[in-house]
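Take a look at the structure below.
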Amino acid sequence: MQTNVKLIKKETVANGTMAFHFSKPEGFKFRAGQFADYTLINPPETDAEGNTRGFSLVQAPFEPDLVAATRMRDTAFKRVLKDLPIGTELKLDAPYGDFTLHNTQTTPAVFIIGGIGVTPVRCMIAQATHDRTAHQITLLHASRTPEDLPLKADLERLARDNPNFTYVMTVESAPNGWQGERGRVDAAMVKRHVADLHKPIYYLSGPEGMVKAMRTLLVELKVNEDNIRTEEFTGY
Ligand SMILES: Cc1cc2nc3c(=O)[nH]c(=O)nc-3n(C[C@H](O)[C@H](O)[C@H](O)COP(=O)(O)OP(=O)(O)OC[C@H]3O[C@@H](n4cnc5c(N)ncnc54)[C@H](O)[C@@H]3O)c2cc1C
């Protein structure tokens, strides 16, 4: 669908990370995990990358808004986006992609995610929680500090609401008393949280470097590559 959408809300969802809520167009249908292309209309500045970016849809189909969450780097697109007045229209072209949760509920899902790559994952988990599916879901979510983990509070709420969902955070530095894991995701950490390495379907999303590193780790653990699904966020 190609249409205009209105900005209705902006919020901070981690250090240097914002979520932008847009009105959902009448009749807009998508599957949890898909993404949308947003185009700024007559922005006050632009650069070589142009006025369009693709962002995964953070809110699930059952929820009211279209939401994009992103690291607010110092690029023309993001400077303009950050300062857009509420009510501004953007062009939307969506939905795209097939990074969606598998149907077979007896097959567990394991998400191994760096930072902002969690956006489509939050969407899939929110929809599975709403639909009360039986998928056993584990999310290993890595970032530098607890404050850098995008959508942390929201994911903690989903873990409380969904007994089948386990949220494991891992950070490189945290204050004393931190309950989560520490350090980068490695083979030992995956083994600690995944009972049978050969049963789940694995999902990797985010900046290309993280996705590639996690694929290599899973292959080293002898995970069948047919059971690894990825979404690479270009531009990081
Ligand atoms: C399917 C899909 C889904 C995506 N979903 C999301 C999402 O949910 N959230 C999200 O944030 N992104 C998502 N992305 C990526 C998104 O489309 C942008 O490419 C990304 O946010 C970077 O945009 P930008 O304006 O910061 O950088 P751009 O202006 O696009 O930068 C382009 C280039 O400039 C360089 N650059 C710019 N700024 C910096 C900097 N501060 N440090 C280092 N290098 C820099 C980089 O080398 C980069 O390659 C997705 C991409 C795809 C393909």
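The values are calculated or read from the model by the stated rules, or taken from the named source; none is laboratory data. All of these numbers come straight from a predicted model, not from anything done at the bench. As a convention, Cβ positions derive from the backbone with ideal geometry for all residues, glycine included, and neighbour counts pool all protein chains shown. Quick note on the areas: whole protein, heavy atoms, side chains included, nothing else; ligands and nucleic acids left out. Shrake-Rupley method; radii C 1.70, N 1.55, O 1.52, S 1.80 Å.
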Item checked: Matching residues, region 17-56, being of a type in the set (Ser, Thr, Tyr), surrounded by 16 or more Cβ atoms within 10 Å (Cβ to Cβ) and not in a loop (DSSP other than H, G, I, E, B) -> THR17, TYR38, THR39, SER56
Next item on the list: Give the number of residues within region 176-230 that are assigned to a helix (DSSP H, G or I) and within 16 Å of the ligand (Cβ to nearest atom).
Entry: 5
Next item on the list: Go through ASP74, ASP65, ASP131 for me and flag whichever is in the same structural domain as LEU218 (by TED's automatic domain parsing), acidic (Asp, Glu) and either within 15 Å of the ligand (Cβ to nearest atom) or over 24 Å from VAL223 (Cβ atoms) (or both).
Entry: ASP131
Check: In region 184-236, how many residues are of a type in the set (D, E, K, R) and open to solvent by less than 50 Å² (accessible area, probe 1.4 Å)?
Finding: 1
Margin query: When you scan region 75-95, do you find a residue that is of a type in the set (Val, Ile, Thr), under 18 Å from the mean Cα position of the chain (by Cα) and open to solvent by 40 Å² or more (accessible area, probe 1.4 Å), even just one?
Written below: no
Checklist line | Close pairs from region 47-58: first hydrophobic (A, V, I, L, M, F, W, C), partner near the ligand (Cβ under 6 Å from one of its atoms) and open to solvent by 40 Å² or more (accessible area, probe 1.4 Å), Cβ under 9 Å, at least 6 apart | finding: PHE55/PHE35; LEU57/PHE35
Margin query: Yes or no: region 98-108 includes at least one residue that is closer than 28 Å to ARG184 by Cα, surrounded by 21 or more Cβ atoms within 10 Å (Cβ to Cβ), under 21 Å from the mean Cα position of the chain (by Cα) and within 9 Å of the ligand (Cβ to nearest atom).
Written below: yes
Notebook entry, point to check: Mind checking which pairs have a first residue in region 102-129 that is touching a residue at least 12 places away in the same chain (Cβ under 8 Å) and within 14 Å of ALA68 (Cβ to Cβ) and a second that is open to solvent by less than 20 Å² (accessible area, probe 1.4 Å) and aromatic (Phe, Trp, Tyr), Cβ under 6 Å, 6 or more apart or different chains?
Noted result: PRO120/PHE99
Next item on the list: Could you tell me whether any residue of region 112-127 is modelled with pLDDT of 95 or more and not in a helix (DSSP H, G or I)?
Entry: yes
